[in-house]
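Asks: Here's a structure for you.
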Ligand SMILES: [Zn+2]
Ligand SMILES: [Zn+2]
């Protein structure tokens, strides 16, 4: 049957075309299907050709048309959506005008409640005929196998086959992480959360429940049309690392009242995740706003190929806006395409403005769209934020005021060691200080009532080696006296510290080391301070103290030696390399410096200064200036002050603002006595210049000073104490002990006592008398010569 064969061949051809058309059509998303109104013509033509074939085939096979085939003879149906599409296209001129205009397609999609993503534009612009041809090869195989049975079973089987072919096209939804097909994707098929699951709080922050709060169609590609939880970790994998993006340009402006940040950036996406594979294709990343479900944001990528569609669309529509976070003119972030005169995209303009800035930040990044690369230098068109002006003259700050005495951390002098042994001729000993310094204060023990002094004294028996005069020390005692005081007072206790017990006997020319610890009671006022100090003595903090060690021998003869202790203060903290100011008052009772330091922060960070360790950042200063400009207050408490040592002292700091130059020019620091001190007598108030910070307009302005209100209160004067640092109380000429006379007759005689022989004594007395007489005579003679005193007989 050559005729039937011919018909079948023709039919196969028609069916192939029809099937390819259907497959291609199904691959189009709903929006593209609706807008491609030429689809309908294609269907009509195909249907007609299939119809003709079928009729021929029916005739050939002499069978009746089935109702299935009858469908094909009917008009291609037009539904309401088709009509809407026709109207929409008619309104905007032609399909040509729409298919390149992304915004118009988007508008239509919204009107029709349909999903619109980047693939739609590609589908609209792809030639359906090309796609049909691509599908033909695949379908040919299916058709060859099926045509016989298709003819026999009618179109039922073929339609089922085609349905099966479509159902193979499965997509993975980025919103709900489930599989879907176009056939099963409805308007509310996808349920998900706006926010990202918070594993810490074990909930979804968007709605606080486990049940999805959003319903939309499934989406196969990531998008920023509306928020969905899975988007944020994906974006964070890029924004949170430095190796993911090569940022070309960015703008950022902070609201100085609510800290809200407006920002936008453009750059090249290098990898989707840190340390991941580098992208082969140059990809532009544009980000606007804060990527979070509560905020409007834009975060999208474009390859050079994807830019082609965008370029066509923008050229025709002249719609250059990429994204804007808000329609508000006072506060927004925005990204726009920049077009050349010919309508080519030549770059991206970024804008960020917060309500507290007068001007927006505007930067332009030139981009070569064909290569998706940066093609020139970034241009800054406008600078926002809080900008200061350059002061036309240097600021002159008032001098620091300090009330109360200033103390030193240097020992007033080293302790004296030139005290001599005081003894009676009968007790021939030499006492010598062996410890250095002579006395150590509270080295092991500390009390709040007494100060302990430790020292070592060597006791030397100065009798001749052969004299057989041992010395026996029966007791030891200690007394103390502050330099300038008239008397020695007994110490509270004297303890021999090396477990020595008295009496102790020292042989001639031998010595014994007396290691002792003397406890000196504190004054009533000092006891009230209730302080324990190690290695320093409270009792001697103003005046040196002397401790006299007195030894008594078995016969009641005494000898003594004085040792001195001079207070050595703890050194004050040394100023650091970054210090720019030091504000303090000294506590003369506790010899303590209550000090607040101001340091300059290292360049490169956000900090400007550190006041007592509190870092003050640029943003903080800008906020202060902004508020000052609003309120007119130019002296602002930084609210970082503190009470110290349980309220014995306190400090506070203020920023001083130059209205004219719109900057903080200095800090004022006050250090004073705290609430525990009733009678306020000590304090300090000073200023330190604020180092340059932040951005400034390249323009000079005359300076203006702040109106200050905070002052150091009128303090009672602190009485100046005259401090005695030394006296001669313990200085005396020691009686040179007579040399032991060793009798030439009996040099070894132990009983030999030193004595002046009688005749020698007589002669000495005679010489004395004669000398005295000569002196008197001379005096008189001199007086006589001067005629003052009449000579007497
Ligand atoms: Zn939710
Ligand atoms: Zn989904």
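The values are calculated or read from the model by the stated rules, or taken from the named source; none is laboratory data. Since this is a predicted model, take the numbers as computed values, not measurements. Counting neighbours? That spans all protein chains shown, and the Cβs are built from the backbone with ideal geometry, glycine included.
Asks: With the structure loaded, tell me whether residue 241 is within 16 Å of ligand 1 (Cβ to nearest atom) and modelled with pLDDT of 90 or more or whether it fails that test.
Replies: Here the answer is no, as residue 241 does not meet what is asked.
Asks: Hey, among the residues in region 175-188 that are crowded, with 16+ Cβ neighbours inside 10 Å and more than 24 Å from residue 325 (Cα to Cα), which one's farthest from ligand 1 (Cβ to nearest atom)?
Replies: 182
Asks: State all residues of region 479-518 that are over 18 Å from residue 461 (Cβ atoms), modelled with pLDDT under 90 and part of a loop (DSSP other than H, G, I, E, B); if no residue qualifies, say none.
Replies: If the condition is that a residue be over 18 Å from residue 461 (Cβ atoms), modelled with pLDDT under 90 and part of a loop (DSSP other than H, G, I, E, B), then 497, 498, 499, 501 are the ones that fit.
Asks: Next question, about the same structure. Go through the residues of region 283-290 one by one and say whether even a single one is assigned by TED's automatic domain parsing to the domain that holds residue 237 and surrounded by fewer than 17 Cβ atoms within 10 Å (Cβ to Cβ).
Replies: Yes, because at least one residue in region 283-290 is assigned by TED's automatic domain parsing to the domain that holds residue 237 and surrounded by fewer than 17 Cβ atoms within 10 Å (Cβ to Cβ).
Asks: Just give me the residues in region 337-377 being buried (at least 19 other Cβ atoms within 10 Å of the Cβ), in a loop (DSSP other than H, G, I, E, B) and touching a strand residue (DSSP E or B) at 6+ places or on another chain (Cβ under 7 Å), in sequence order.
Replies: 354, 357, 360, 369, 372
Asks: Now a separate question. Checking the conditions here, which among 139, 158 is at pLDDT below 95, buried (at least 16 other Cβ atoms within 10 Å of the Cβ), away from ligand 1 (no atom under 16 Å from the Cβ) and under 22 Å from residue 32 (Cβ atoms)? Before you say what the answer is, go through the steps one by one.
Replies: Numbers: 158 fails: under 22 Å from residue 32 (Cβ atoms).
Of the residues listed, the single one that is at pLDDT below 95, buried (at least 16 other Cβ atoms within 10 Å of the Cβ), away from ligand 1 (no atom under 16 Å from the Cβ) and under 22 Å from residue 32 (Cβ atoms) is 139.
Asks: For residue 657, are the conditions met, namely being surrounded by 18 or more Cβ atoms within 10 Å (Cβ to Cβ) and assigned to a helix (DSSP H, G or I)?
Replies: On the way: surrounded by 18 or more Cβ atoms within 10 Å (Cβ to Cβ): yes; assigned to a helix (DSSP H, G or I): no.
Considered against the rule, which asks whether it is surrounded by 18 or more Cβ atoms within 10 Å (Cβ to Cβ) and assigned to a helix (DSSP H, G or I), residue 657 comes out as no.
Asks: Wholly within region 178-288, which strands (runs of 3 or more DSSP E) include no fewer than the required count, namely at least 2 residues that are within 16 Å of ligand 2 (Cβ to nearest atom)? I'd like the intermediate steps shown before the answer.
Replies: On the way: elements: 190-192, 214-216, 245-254, 261-269, 283-288.
So the answer is 190-192, 214-216.
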